[in-house]
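I have placed the structure first, in the form of structure tokens, so that the comments after it can refer back to it.
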Amino acid sequence: MSPIRPTKFAHIVYQTRRFEEMVDWYQKVFEATVVYQNLALAFLTYDEEHHRFAFINMAAFKPDVPDTGGRSDVGVNHTAYTYAHLGDLLDTYERLKQAGIAPYWPIHHGITLSLYYQDPDGNRIEFQVDADNEYMLSEAFAANPIGVTIDPEAWLSQYRSGVPVEQLMVMPTGAMSPIPVEHGIS
């Protein structure tokens, strides 16, 4: 069996206390456009990808923490890699599970179905498959820009039993997933 690898680097997420300044800078440098922005999050792209950059406004998430100008809670949150097909993502999940590597956050973001992993140094990596690029422009995304936690074992079982990929890719209903404290916004 040939290796299953991501087809592309998808995006990078930054935590910042200079939210507007960072959004403006990336717009200028990459000639990027803002796809979605609220007080806490911004998503930008410079091509057909739903987003190449995301920014987490730490002043919104941790308003009581002073901006010391240091890197205590700013910097790269995670990098993301896209797989060509849901089957590739689920095969990778199964392979990594057999190697004792489990995702710490399996989630359907609406725009992607994603599995987040953490390397031995604590760096966070998102493996994803695109679901619905238009979802980011919807009221549903505005109401829940984080997504819904999923069970990758159930997804794998449904996929293996022949449930159509189109059905599996639909955003499930449910409460907004909490960001895992030990792995999420630092």
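The values are calculated or read from the model by the stated rules, or taken from the named source; none is laboratory data. Fair warning: this is a prediction, and the values are worked out from it, not measured in the lab. Every residue, glycine among them, receives a Cβ derived from its backbone with ideal geometry; neighbour counts consider all protein chains shown.
For this structure, a couple of remarks:
- Being aromatic (Phe, Trp, Tyr), within 17 Å of Ala10 (Cβ to Cβ) and touching a residue at least 60 places away in the same chain (Cβ under 8 Å) is a property that Tyr135 lacks.
- Residue match in segment 88-107 (condition: part of a strand (DSSP E or B), acidic (Asp, Glu) and under 25 Å from Gly174 (Cβ atoms)): no
- Residues of segment 14-39 satisfying the condition of being within 18 Å of the chain's Cα centre (by Cα), polar (S, T, N, Q) and not in a loop (DSSP other than H, G, I, E, B): Gln15, Thr16, Gln37
- Contacts under 9 angstrom Cβ, first residue in segment 2-24 being touching a residue at least 12 places away in the same chain (Cβ under 8 Å) and surrounded by 16 or more Cβ atoms within 10 Å (Cβ to Cβ), partner in a strand (DSSP E or B) and among the acidic types (Asp, Glu), 6 or more apart: Ala10/Glu126; Ala10/Asp130; His11/Glu126; Val13/Glu126
- Residue list for segment 108-122, filter: surrounded by fewer than 19 Cβ atoms within 10 Å (Cβ to Cβ) and assigned to a loop (DSSP other than H, G, I, E, B): Asp119, Pro120, Asp121, Gly122
- For segment 151-181, a residue qualifies if it is touching an Asp or Glu at 6+ places or on another chain (Cβ under 9 Å) and farther than 21 Å from Glu94 by Cα, and the qualifying residues are Val170, Met171.
- Residue match in segment 123-130 (condition: modelled with pLDDT of 95 or more and among the basic types (Lys, Arg)): no
- Candidates Ala154, Ala142 - the one that is assigned to a helix (DSSP H, G or I), over 21 Å from Ala84 (Cα atoms) and more than 13 Å from the chain's Cα centre (by Cα): Ala142
- Any hit, segment 178-186, residues being surrounded by 15 or more Cβ atoms within 10 Å (Cβ to Cβ) and at pLDDT 90 or above: no
- Looking only at segment 40-55, and only at residues there that are within 20 Å of Val74 (Cβ to Cβ) and outside any strand (DSSP E or B), the one that is farthest from the chain's Cα centre (by Cα): Ala40
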